[in-house]
Structures are given as C-alpha cells and as structure tokens.
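Notes follow once the structure below has been shown.
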Amino acid sequence: MTAKTPLERVEESDRALERLMKAIPGFQGYKVREERREADRIVRDYIYRALKESRDNLMGCFQLLNNAGVPELMEPTNQLIAKLDRVLEKVNRASYGYAGFFDSVRIEAPALDQMLTYDTQMLNMARKVADSISSFNSQLSQGKLEGTRSMESDLESSILQLETTFDKRKSVIEGVAV
C-alpha cells in the first residue's frame, strides 16, 4: 500500500455537509481548489519545519568546526547556513496555492497540480539536505575532517537545487512558468 498524497488526505477528510456542498453548482470547483490549497499548505509547512531543523543541525556543524579550530572550513559552512536561511524564508513567506474566492488572481487546477508536483520534489530534496547535514554532523562529531570540503560542496549543490525548484514553483503562481 502506498502512502497517500497530502491532497488525497485532505479530500478524505470531507464531511457529509462538505460532500453535499460540492453538489451545489459552482461550489465544487471552488472546494476542489481549496482542497489543493490546503494540501499545498500542509506540504510547505512540513518542508519549512524540515529545513528549519536542517539549518539548526548545520549550525551545530559550524560549532563543531569552531571547536576543532579550523576557520578555513567554518566560512563555507557559514555561507551554507546563509543560503539555507534564504531558502527557508522563501518557503516560509510563499503564497499558498490558491487565492480566495473573490480575489482577482486565480490559480486553476492544472497549475495547482503542478505546484504540488514541485512541492513533492522539494520535500524529497529537503529530506536529502537533512540526510546530508546529518552525515556531515556525524562525521564532524567523530573528529573526522577529511572530506569536509566535498561535503560542503555537495550540500551547496543540494540547497541551490532546492531553491531553483522553489523558484519554478513560484513562477507557476505568477503565471510565468515555462
């Protein structure tokens, strides 16, 4: 059995009254968009919390490098923290997947589905970043400094890839996606 997507979980939570309201002409499309918006919010909140925890762990790596007395390795890690902070704040401040019923900006179902696809990719990338930082922290905790630059480089690549995916997601909202 495969895990349910956030959208499927939100759709399952419909109550009898909500199902009745979906039968009202014009309301169903609105309700479906609201469900996608809620799924988008759930995924992005999870990504935000995961990235925040990753940033905290990366700050722990920075402290370990400081304790080891290797300033030449501290600066790249400090830059990684800044890059991760930038992505973290983009995710935290991003628009949700659908404007309100009376708002002039509307995002239709196909675009919402595309946003959820980007969110799923970002979720996987956030997990990869978290795993890499955990490995980095573990290595530093054991006093192993060899391979630090390589790990920092790989982390930078993963963080930038995450940011690029987020920017593509944002372009869907702005209506300029390619």
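Bear in mind that the values in this text are calculations on the coordinates, not laboratory data. Given the structure is predicted, the values throughout are model-derived calculations rather than measurements. Neighbour counts are summed over all protein chains in view; Cβ atoms, including those assigned to glycine, are modelled from backbone coordinates with ideal geometry.
Computed from backbone phi with θ = phi - 60° and the Karplus coefficients 6.51, -1.76 and 1.60, the 3J(HN,Hα) list for segment 141-152 is 4, 8, x, 8, 9, 5, x, 4, 4, 5, 5, 4 Hz; x is used for glycine and proline.
With the simple spin-label model, which puts each label point 7 Å out from Cα in the Cβ direction, the LEU160 to SER138 separation comes to 2.7 nm. Take the Cα of GLU72, go 7 Å toward its beta carbon, and the backbone nitrogen atoms of segment 114-149 under 18 Å from that spot belong to 144-149. The distance between label points at GLN121 and GLN79 comes to 2.5 nm (points 7 Å beyond Cα on the Cα→Cβ vector).
Compute the FRET efficiency between MET59 and THR5 as 1/(1 + (r/R0)^6), taking r as their Cβ-Cβ distance and R0 = 22 Å, and round to the nearest 0.05.
Working: r = 32 Å, r/R0 = 1.46.
E(calc), rounded to 0.05, equals 0.10.
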